[in-house]
Amino acid sequence: MFSPYRISGTELLTDRLALRRWTTEEVVAVVDGHRRAHWAADFPAEGDRAIAGFIAEHPEALGEYGHRQVVERETGLVVGAIGLFWPPQDGALEFGYGMAESRRGRGYATEAARAMVAFALTAPGVHTVCAGAELANPASMRVLEKAGLERWSSDGTTARFGTRSQARIRAEAAEQAEPVAPVAREEQPPTS
């Protein structure tokens with residue numbers, strides 16, 4: 001079976017990206033407005049600063065199934081962020097992402113999202129991965145669709161997308177299936 005990522009240490013690797021856990025030092029640097037040499041010129045963006053603030057208030061977001069920086073493997077530069085909002089709620093796990101404007105249009109967001117969704121579905125107790133995208137941002141909606149999520153709903157400003165694990169899909173199908181009554185067979189006399 002094809003996997004959109006492989007694991008190397010604590011990093012998730014795709015063809016062109018490394019999804020690397022945030023460190024406490026990098027979170028503090030973003031929150032405090034200090035630049036790092038290994039960041040793309042337009043990283044962090046406003047959304048990255050919001051995520052760093054969230055992580056600073058919720059240190060558990062630094063865990064295995066938490067938030068990660070998106071690193072362009074060719075250059076070693078941090079070019080975005082992606083993350084899971086742990087813990088899951090009733091087996092569903094929300095994720096979000098953002099890409100530096102200079103790296104948009106290269107398929108990085110889709111590549112990172114595919115890997116993160118597949119990784120999330122391996123997490124204990126997770127059977128559903130979901131995300132939202134503003135209707136005014138059709139590029140983000142396309143990323144979610146290309147990452148394998150289906151559009152589930154919309155409220156006029158935001159579209160909700162999600163996917164379920166194959167095990168969950170099979171379980172739901174089994175729950176919806178009509179029970180089949182056993183077929184009575186007539187006794188046949190033994191043949192000699």
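A short reminder: the numbers here are calculations on the coordinates, not readings from a lab. As the structure is a computational prediction, the values presented were derived from the model and not from experiment. Backbone-built Cβ (ideal geometry, glycine too); neighbour counts: all protein chains shown.
Side notes on the structure shown:
- Region 6-172, relative contact order [Cα under 8 Å, separation at least 6], %: 17
- CD proxy at 222 nm, helix term only [per DSSP H run n ≥ 4: -39500 (n - 2.57); per residue of the chain; nearest 500]: -8500 deg cm²/dmol
- Tilt relative to the chain, helix 166-176 - C-alpha long axis, 0 to 90 degrees, to 10: 40
- Relative packing of peptides 25-32, 14-21 - highest average C-beta neighbours within 10 Å first: 14-21, 25-32
- Of interest is the spacing of the C-alpha centroids, which for region 1-37 and region 96-133 amounts to 13 Å.
- Check: the chain dipole with +1 on Lys, Arg Cβ and -1 on Asp, Glu Cβ, in debye: 600
- Using the average count of surrounding beta-carbon atoms within 10 Å as a protection proxy, the listed peptides 39-48, 113-122 rank, highest first, as 113-122, 39-48.
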